[in-house]
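Engineer: Here it is: the structure, laid out below.
No value in this document is a laboratory result; all are computed from the given coordinates. Computed from a predicted structure; not experimentally measured. Cβ sites come from the backbone with ideal geometry, for glycine too, and all protein chains shown count toward neighbours.
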Amino acid sequence: MRRSTRSKISVGVVFLLTMQFLFTPMAYAANTVVQFDPLDSDAATITCNADSQEALDVESTFPTELAADIDGAGPGLVDVLEWVSDIPYDPTAEGTYVFSPLFDDAVWDLSSIDPAQMPTITVVLNSAVSADPPEEVAPLAAVAVLVIDLTTATLPIILGPGHIEDDVRITGSITGNSTAIRVLEGYNKTIILAGVTIDVSGDGAIANDYFAAMTIEGSGNVATVTNYVNVVLEDLTSNTLISGRRRAGLEVNAGAQVNISGPLGTLNAACAKDQTDSSTYGAGIGAGYQSAFGVYLYGGNIVIESGTIIATAGYHGAGIGGSGYGGSPKYSGHVVIYGGNITSNGGAHGSGIGGGCGNNLGGGATGTTGMLLVLPPAQITASSAGSYANVGAMSISVYIGDPAAPLVQVSTEDNAKNVDIFMDLSNVSGVELALLQTLVPTSIVDPSRILLGNTGSSGVAEIHMRTLTPVTFYTDALFRNSELYIPEQAIIGGNTFIILKTGITEPDIPGTSDNLVPIYLIAIFALGAAGLIYASTKVRRKRT
């Protein structure tokens, strides 16, 4: 009888152990990949023409499995999750793109692989070639570019209808007692600055207050742009514009727009030399305060594509944007910066970027009616010399790329690696119209697809930014190669962590199955306990 009782107890114990073995999640070691087989030369290097169907389809030809030597299993195939290019792949742009494979770390252990031995696919896109033979065309006439040497010039230099109407390349240095370069309404040409130094500040002399180093005139109505002027910084040149106390260094008036470019050039634009002088009112780039006729000056549109730009305002002005003080009008032009390395220094009573001082609704306090967009890959530092805002509030403000701005961290719910994070501004009222007004084509700045960064190996993208309006964060990566992540909308006013969710219930999300272990254990121990109780009941009944 005792032997039978012990057998029943043993049955309960065995049952408990068996259930635990069957239902407890087990951790399986990843398969160790010892070495990959080299790709065939035709597969390892692909050459085709940019903007061709082959270039568009090339990624679909990449292998989804790679032959390899797997430790303990011999030759086998390793699944590839995706191929990732070293730079964003653009099938329309010539260049060399190197793609590397990504694998499931939970399945494959690649620690034994030398990164230099990892298979890669190189795609070489040559310049686009028309399928039809080119037609014979007459040679284009050379574009007239007039060279102006400031060292021998007489001021003011007037560009526009009835005066100099050609594109110009300006060199040399000059110190004068007059506005140096006056760009009339309707010029609509290109000004190349090739190592220019213009100083008409008079070292703070009152007589020089109304002189501008360069002023671009417009219709006087910010909503009607009649003068689009390109200012190009010649490669490897440094250019300086210093104006009088009531004018901007590079002055852009209402109804005018300046487009600044030149990736290897530098521009230093300032209102006056002594920005601590409380009688200095102009912006570094943007609005002046008052003309020689006592007329208050409104600001126009400023678009910066590239270049190293240092803009320094007077005491009451913004580095880039508005002038200020007293009854001067608010700065109502648009500021769009989508490239370059920018330093914008506001005065003691002005914002770093935005509006100026006074009761003109300047950015120092409440902003302007214009739009401010500072977008990647621009790098910017904006600061006020006083206690005013580094970034003056504007009616639409999206400000990205300043290390002093709030930190936004974006990841997916499953912490996906090497995923691009985008921002969508197309649902922000006024953005697309303002971009259209400033003639920034959507092929350059697409408001629905602004690349903010990549989650990299950490699974988290980090962006310094600030917004006054809700913006949408999203990724075009797919969860489990089939499901889109849900976009998230937010206003960024401080440090923020944004998680792009999958919309799938928690048990189906990778990494969350461990949360179910307690449920399994409860079931296991409940069943085991029932077996023990049954056995012990039989023992008591037998003894009685």
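Engineer: With the Cα gyration tensor of segment 407-508 in hand, convert its eigenvalues to equivalent ellipsoid semi-axes via √(5λ) and list them largest first in whole Å.
Structural biologist: Listed largest to smallest, the semi-axes of segment 407-508 are 26, 15, 13 Å.
Engineer: Say each of S457 and A43 gets a label point 7 Å from the Cα, pointing the same way as Cα to Cβ; how far apart are those two points in nm?
Structural biologist: Placing both labels 7 Å along Cα→Cβ, they lie 2.7 nm apart.
Engineer: Ranked from highest to lowest mean number of other Cβ atoms within 10 Å per residue, what is the order of the peptides 317-323, 176-182?
Structural biologist: The most tightly packed comes first, giving 317-323, 176-182.
Engineer: Next up: Mind ordering 237-248, 345-356 by average Cβ neighbours within 10 Å, highest first?
Structural biologist: The most tightly packed comes first, giving 345-356, 237-248.
Engineer: About its Cα centre, how strong a charge dipole does segment 37-126 have in debye, to the nearest 20, once Lys and Arg get +1 and Asp and Glu get -1 at the Cβ?
Structural biologist: Its charge dipole is roughly 140 debye.
Engineer: Same structure again: Label segment 201-301 by shape, choosing from rounded, prolate and oblate, from the square roots a ≥ b ≥ c of the eigenvalues of the Cα gyration tensor; if a/c is under 1.5 it is rounded, and otherwise prolate applies when a/b is larger than b/c, oblate when it is not.
Structural biologist: Oblate, because a/c is 1.5 or more while a/b does not exceed b/c.
Engineer: Additional query: Taking R0 as 60 Å, what FRET efficiency do you get between D149 and N415 from their Cβ-Cβ distance, rounded to the nearest 0.05?
Structural biologist: Result of the calculation: an efficiency of 0.50.
Engineer: Another question, if that's okay. With a cut-off of 8 Å between alpha carbons and a minimum separation of six or more residues, what is the relative contact order of segment 37-126 in percent?
Structural biologist: After rounding, I find 36 percent.
Engineer: With the cut-off at 21 Å, report for segment 373-466 the share of all Cα pairs above it, as a whole percent.
Structural biologist: 41 percent
Engineer: Once you keep just the Cα pairs under 8 angstrom separated by 6 or more residues, what percentage relative contact order results for segment 407-508?
Structural biologist: Once normalised by length, the contact order is 38 percent.
Engineer: When a/c is below 1.5 the answer is rounded, else prolate if a/b is larger than b/c, else oblate, so apply that to segment 37-126 with a ≥ b ≥ c taken from the square roots of the Cα gyration tensor eigenvalues.
Structural biologist: It comes out prolate by the Cα gyration axes.
Engineer: For V124, put the label point 7 Å out on the Cα→Cβ axis and report which residues of segment 79-97 keep their amide N under 17 Å from it.
Structural biologist: 93-97
Engineer: Hey, fewest Cβ within 10 Å first, where do F497, F422, F211 land in order?
Structural biologist: Sorted ascending by nearby Cβ count, the order is F497, F422, F211.
Engineer: Are there trypsin sites (Lys or Arg not before Pro) in segment 408-507 that DSSP puts in a loop and that have at most 16 other Cβ atoms within 10 Å, and which ones?
Structural biologist: Here the sparse-neighbourhood loop sites are R449, R480, K501.
Engineer: Using a 10 Å cut-off on Cβ atoms, rank the peptides 198-209, 428-439 from the highest mean neighbour count down.
Structural biologist: Per-residue Cβ counts within 10 Å, averaged per peptide and sorted highest first, yield 198-209, 428-439.
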